[in-house]
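Below: the structure, in structure tokens.
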Amino acid sequence: KGPDPDLVAIVERMATVKHKILVLSGKGGVGKSTFSAQLAFALAALDFQVGLLDIDICGPSIPKMLGLEGQDIHQSNLGWSPVYVESNLGVMSIGFMLPNPDEAVIWRGPRKNGLIKQFLKDVYWGELDFLVVDAPPGTSDEHISIVQFLQATGIDGAIIVTTPQQVSLIDVRKEVSFCKKVGVQVLGVVENMSGLCQPLSDFRFMQMTETGEHSDVTSWVLQCLREKAPEVLNLVACTDVFDSSGGGAAKMCEETGVPFLGKVPLDPQLCKAAEEGRSCFADNRCRASAPALKGIIEKL
Ligand code: ADP
């Protein structure tokens with residue numbers, strides 16, 4: 001029996017891609033796609049040639065996070081063409097192929113694997129410095145397929161995104177174990193939503209009564225601050241939202257022997273940037289999260 005022709009086609013196609021990075025998470029909703037999107041934006045801003053492949057077949061959020069909702073992919077004689085944000089940032093997602101984004105994709109494993117295979121062998125990326133692959137949460141069929149296909153062409157490793165609380169970290173341990181079992185290097189773990197941070201001037205201040213009613217006293221508080229201590233308004237205020245008394249991701253990394261890349265706070269401006277499909281680095285609005293993300297990306 002000769003070599004698998006699909007695998008041969010994938011190896012050929014991926015020969016023009018220098019680095020391949022998988023972004024994983026144990027649970028959904030922890031910010032994996034947000035991180036993948038911002039990583040792709042950051043690498044493109046550094047003038048690298050970047051591809052972002054979304055294999056979250058049941059919940060593709062990458063098109064929206066890159067500002068490409070409603071776009072179509074095109075076919076050329078070289079294969080499927082990614083949708084481009086900039087000439088050096090191309091995106092491929094099943095989200096571009098669905099006639100109605102509200103409709104559920106109910107596919108069994110083999111069909112999902114078939115599409116992942118097709119993405120890897122039929123998308124014409126051209127020369128890429130980085131291919132960032134945004135995987136679905138967990139460790140299921142899609143993960144085994146993508147790892148198996150990418151390993152044939154060399155994969156740099158995986159970044160795991162988590163939130164600080166124990167329930168999320170238990171699943172991260174499973175991701176780490178998955179990577180170890182399949183022989184993928186863990187490049188590191190990102191602790192996302194690690195506290196809420198935003199400029200004090202963006203907070204709303206409430207006066208609560210004993211019956212739980214509250215009135216908005218924001219303008220009064222801001223006026224007091226402006227008059228008495230205007231420099232306080234320039235501060236970024238932070239508070240823990242999730243319980244990280246167990247030591248969070250940093251401790252888990254120490255215990256499992258994988259690198260800890262850093263913490264990204266919950267930042268309403270980052271959420272807004274993701275909703276609007278923007279880079280959080282492009283302007284200075286993401287004051288709380290952009291420096292943290294930048295520090296993490298520099299470590300990679
Ligand atoms: P996942 O890919 O893990 O399912 P998403 O990246 O889709 O998670 O994030 C879930 C939601 O949380 C999105 O609306 C996203 O914009 C928001 N979000 C993620 N990380 C942050 C953060 N650090 N600050 C604010 N909002 C965030």
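Tabulated data for the structure shown
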item	result
From GLN223, GLN166, GLN198, residue being among the polar types (S, T, N, Q) and free of Cβ contacts under 8 Å to residues at least 12 places away in the same chain	GLN223
Residues within segment 246-300 that are more than 12 Å from the ligand (Cβ to nearest atom) and among the acidic types (Asp, Glu), tallied	4
Selection within segment 10-30 - small (Gly, Ala, Ser) and buried (at least 23 other Cβ atoms within 10 Å of the Cβ)	SER25, GLY26
Count of residues meeting criterion [in contact with a helix residue (DSSP H, G or I) (Cβ under 7 Å, 6 or more places away or on another chain) and within 9 Å of the ligand (Cβ to nearest atom)] in segment 19-35	6
Within segment 183-220, considering residues that are in a helix (DSSP H, G or I) and at pLDDT 95 or above, the one farthest from GLN269 (Cα to Cα)	TRP220
Residue that is surrounded by the fewest Cβ atoms within 10 Å (Cβ to Cβ) [pool: residues in segment 162-171 that are in a helix (DSSP H, G or I) and away from the ligand (no atom under 12 Å from the Cβ)]	VAL167
Considering residues of segment 121-161 that are in a loop (DSSP other than H, G, I, E, B) and within 16 Å of the ligand (Cβ to nearest atom) only, the residue surrounded by the fewest Cβ atoms within 10 Å (Cβ to Cβ)	SER140
Verdict on LEU53 being assigned by TED's automatic domain parsing to the domain that holds THR163, within 16 Å of the ligand (Cβ to nearest atom) and at negative phi	yes
Top-ranked residue of segment 73-98 - restricted to ones that are surrounded by 14 or more Cβ atoms within 10 Å (Cβ to Cβ) and among the polar types (S, T, N, Q), ranked as nearest to LEU115 (Cα to Cα)	SER93
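The values are calculated or read from the model by the stated rules, or taken from the named source; none is laboratory data. This one's a predicted model, so the numbers in the text were calculated from it and none came from an experiment. Reconstructed Cβ throughout: ideal geometry from the backbone, glycine too, with neighbour counts over all protein chains shown.
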